[in-house]
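Comments concern the structure below.
The values are calculated or read from the model by the stated rules, or taken from the named source; none is laboratory data. Small disclaimer: the values here were computed from a predicted structure and weren't measured. Cβ placement follows ideal geometry from the backbone for every residue including glycine, while neighbour counts extend to all protein chains displayed. Accessible surface is based on the protein model in full, side chains and every heavy atom, while ligands, DNA and RNA are left aside. Shrake-Rupley method; radii C 1.70, N 1.55, O 1.52, S 1.80 Å.
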Amino acid sequence: MQLRKLCTFPPRNQVMRDGIVLPLLGLALLSACAQTPPRGPVPNVTLVVLPKPPDGHVGAVMVRPLDGGKPLLVDKPYVEASLRDTKTVRTASIDPKKVDEAFGKTLVALPAQPKSFLVYFVEGTEELKPDAKRAIDGVIAEIAVRPAPEIAVIGYTDFVGGDQYNDALSVQRALRVRDLLVKRGIPAKMIQATGRGKREPLVPTSDDVAEPRNRRVEIIVR
């Protein structure tokens, strides 16, 4: 069967953060990504191939027949989904070598997945914990290998204090990390700094619990 078109989807963290129902991770190869109706009785109008990414996670995509048949979730590596008629989706394994032969150069040229780093803070302050330097060094190294990097710096707090206080503290922490990156030579225009306060804790707790893992800044390099 001929592979026709390459489509890519957001990584898992971006999908979950944006709240969009899209493939979870990785990439998919589809011959009908734009969902253009076929002209005439064309067999095998849809082909989906889900290569297994290097980190071991597997992507997923929902294949929906054109005429309201039962949709099928494809979430295994190197599986094709073919629309044999307008209502029935069938799946079969596909040889990874065929994928490499057809799209090897394209897959290699795809942008690297975003990489995330965490630094932690002393309770109630924007003072970084001593081990933050190692994470910052990792950020600088990751930026250096990307041709056009973008950096998101997102501050968080624990559940001690009110919403307004923690919103402001989370922004202060993000700005503190941004300033450190700028001092290390990263242009400020490449860095987007925001604060999320108590939202999206790493460790859910009740109010007034000073969980140290929630007092953090996440640095995402794309």
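The range 169-222 and the range 97-114 have Cα centres separated by 33 Å.
The Kirkwood radius of the range 145-189, taken over pairs of alpha-carbon atoms, gives through the Stokes-Einstein law at 25 °C and 0.890 mPa s a diffusion coefficient of 206 µm² s⁻¹. In the context of the full set of protein chains, residues of the range 87-222 present 58 Å² of accessible surface per residue (probe radius 1.4 Å, heavy atoms only). The accessible surface of the range 66-222, taken with every protein chain in place and a 1.4 Å probe, is 53 percent carbon and sulfur. In this simple spin-label approximation, R222 and D95 carry label points 7 Å from Cα along the Cα→Cβ vector, and these lie 3.8 nm apart. Extending 7 Å from Cα along the Cβ direction at A188 and again at M62 yields two label points whose distance is 4.4 nm. Once you sort the root eigenvalues of the Cα gyration tensor of the range 145-222 as a ≥ b ≥ c, which label holds: rounded (a/c under 1.5), prolate (a/b larger than b/c) or oblate (the other case)? It is prolate, given that a/c is not under 1.5 and a/b is the larger ratio. Sorting the Cα pairs of the range 76-222 by distance into bins of 10 Å, from 0 upward, gives 11, 31, 21, 15, 16, 7, 0 percent per bin. A simple spin-label model places pseudo-atoms 7 Å from Cα toward Cβ; at T106 and V209 they are separated by 4.7 nm.
Please compute the length gained on full extension between A144 and K70, using 0.36 nm multiplied by the number of residues separating them and subtracting their Cα-Cα distance.
Values: separation 74, 0.36 × 74 = 26.64 nm, distance 4.68 nm.
Using 0.36 nm per residue and subtracting the Cα-Cα distance, I get 22.0 nm.
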